[in-house]
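Note sheet for the following structure.
The values are calculated or read from the model by the stated rules, or taken from the named source; none is laboratory data. Quick caveat: nothing in here was measured; it's all calculated off a predicted structure. Note: ideal-geometry Cβ built from the backbone for every residue, glycine included; neighbour counts use all protein chains shown.
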Amino acid sequence: MPYFYIIIAIIVIILFFAGVRIVRPTSRGLIETMGKYTKYAEPGFHWVIPGIQRLYLVNITEQMFNAEPQVIITNDNLNATVDAQVYFKIQADEESVKNSVYNVNNYKYQIVNLARTTLRNIIGTLTLKSANSERSRINTDLLRTLKEETSKWGIDIVRTELREIDPPKDVQETMNKVVKAENEKVAAIDFATAAETTADGVKRAEIKKAEGIRQARILEAEGEAQAIKLVNEAAELYFKGNAQLLRKLQATETALKSNAKIVVPSNSELINVIGEMSGVLPVKI
C-alpha cells in the first residue's frame with residue numbers, strides 16, 4: 001500500500017508540472033478544453049489539465065513582415081520590381097486575440113499576400129515616374145487598405161514602408177542620363193545667369209562712370225563759361241578801349257600760375273588795374 005500512494009503522488013506531481021504554463025508580458029493566451037475555448041490567459045502562472053486542455057500563446061508585440069520583391073507592370077507598361085514592409089501588432093484585449101486565432105487562418109501569410117495584391121492594384125494605375133515620386137501616397141493607400149481588410153482579425157496595422165521601386169536596367173540607365181542632362185542644364189542656366197548679372201553690373205558701372213565724366217565736363221564747361229563771363233565783365237569795366245592792357249594782364253596771370261616772377265613798374269597802368277580789381281590802391285611815394 002505505501003508504494004501505491006507513492007506512485008499516485010509521483011503521478012500527481014508529474015501531471016501538475018506537465019500542466020504548468022507561464023504566459024510572458026509579451027504574449028496572451030487562449031485556453032481550450034476539449035477543443036472549445038474556455039479561458040483567456042493573462043500574463044502570469046496558469047495550469048491546464050494535461051491531455052484535456054491546451055494553451056495557445058499569441059504574440060502581441062509589434063512585428064514586421066517583408067512583402068517580398070515582386071515584378072509589377074506599371075501604367076506605362078514597364079516592369080518594376082517592388083518591395084515593401086508591413087509593421088503590425090495584435091491588440092491585447094481578449095476579443096482581438098480570439099479574432100486573430102479564430103477569424104483568420106495564418107494571419108502572417110494572409111497579411112503578406114494582401115500587401116502584395118494591394119501593391120499591384122495601386123502601382124498598376126501609376127506610371128513608373130509617378131510611382132517613384134508618390135511613395136508617401138502609395139504607403140498611405142496601402143496602410144488604409146490593410147487596416148480595412150484586417151479590422152476583423154484583431155490586428156492593428158501600425159505602418160507600411162515601400163522599400164524600393166526598381167525599373168529595368170535599361171530604363172534605369174536612361175533615367176540616369178536624363179537626370180544628368182537635367183543637372184547639366186540647370187548648371188548651364190545658373191552659369192549664364194551669373195554671367196548676365198556680372199555683365200549687367202559692368203554695364204551699370206560704365207554708365208555711372210560715363211555719367212560722372214559727363215557731369216564733370218558740364219561743370220567744367222559751366223566754370224569756364226562763368227570765367228569767360230567774369231573776364232568779359234572785367235574787360236567791359238576796366239579795359240574798355242584798351243585791349244593791349246587786357247593782354248598784358250592775361251599774360252601776367254599765366255606767368256603767376258607758373259610761379260614766375262615779374263617785375264612791373266610801379267607807375268604802370270597794369271598795377272593800377274590789378275590793385276583796383278583786388279580792392280587795393282597803390283601807395284603813392
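Given the structure, is residue 189 at pLDDT below 85, outside any helix (DSSP H, G or I) and either outside the structural domain of residue 94 (by TED's automatic domain parsing) or under 25 Å from the mean Cα position of the chain (by Cα) (or both)?
On the way: at pLDDT below 85: yes; outside any helix (DSSP H, G or I): no; either outside the structural domain of residue 94 (by TED's automatic domain parsing) or under 25 Å from the mean Cα position of the chain (by Cα) (or both): yes.
Answer is no for this residue.
Does residue 45 satisfy being exposed (fewer than 11 other Cβ atoms within 10 Å of the Cβ) and either in contact (Cβ under 8 Å) with a residue 24 or more places away in the chain or in a strand (DSSP E or B) (or both)? The answer is yes for residue 45. The residue that is surrounded by the most Cβ atoms within 10 Å (Cβ to Cβ), counting only those in region 8-36 that are of a type in the set (S, T, N, Q) and not in a loop (DSSP other than H, G, I, E, B), is 27.
Can we say residue 78 is touching a strand residue (DSSP E or B) at 6+ places or on another chain (Cβ under 9 Å), assigned by TED's automatic domain parsing to the domain that holds residue 146 and farther than 29 Å from residue 32 by Cα?
Numbers: touching a strand residue (DSSP E or B) at 6+ places or on another chain (Cβ under 9 Å): no; assigned by TED's automatic domain parsing to the domain that holds residue 146: yes; farther than 29 Å from residue 32 by Cα: yes.
For residue 78, the condition - touching a strand residue (DSSP E or B) at 6+ places or on another chain (Cβ under 9 Å), assigned by TED's automatic domain parsing to the domain that holds residue 146 and farther than 29 Å from residue 32 by Cα - is not met.
Applying the criterion of being small (Gly, Ala, Ser) and surrounded by fewer than 19 Cβ atoms within 10 Å (Cβ to Cβ) to the residues of region 128-163, the residue that is nearest to residue 88 (Cα to Cα) is 151.
Starting from residues that are outside any loop (DSSP other than H, G, I, E, B) and surrounded by 15 or more Cβ atoms within 10 Å (Cβ to Cβ), keep the ones in region 71-84 and report whichever is farthest from the chain's Cα centre (by Cα). Steps first, answer last, please.
Applying the first criterion (outside any loop (DSSP other than H, G, I, E, B)) to region 71-84 yields 71-73, 79-84.
Next cut, surrounded by 15 or more Cβ atoms within 10 Å (Cβ to Cβ) only: 72, 80, 82-84.
Details: 72: 30, 80: 27, 82: 26, 83: 26, 84: 25 Å.
Result: 72.
Among the residues of region 7-42, those identified as without any contact (Cβ under 8 Å) to a residue 24 or more places away in the chain and under 56 Å from the mean Cα position of the chain (by Cα) are 24, 25, 39, 41, 42.
Condition test on residue 99, is it at pLDDT 90 or above, closer than 30 Å to residue 120 by Cα and either in a strand (DSSP E or B) or not hydroxyl-bearing (Ser, Thr, Tyr) (or both)? Here the answer is yes, as residue 99 does meet what is asked.
The number of residues in region 48-69 being exposed (fewer than 15 other Cβ atoms within 10 Å of the Cβ) and under 21 Å from residue 82 (Cβ atoms) comes to 4.
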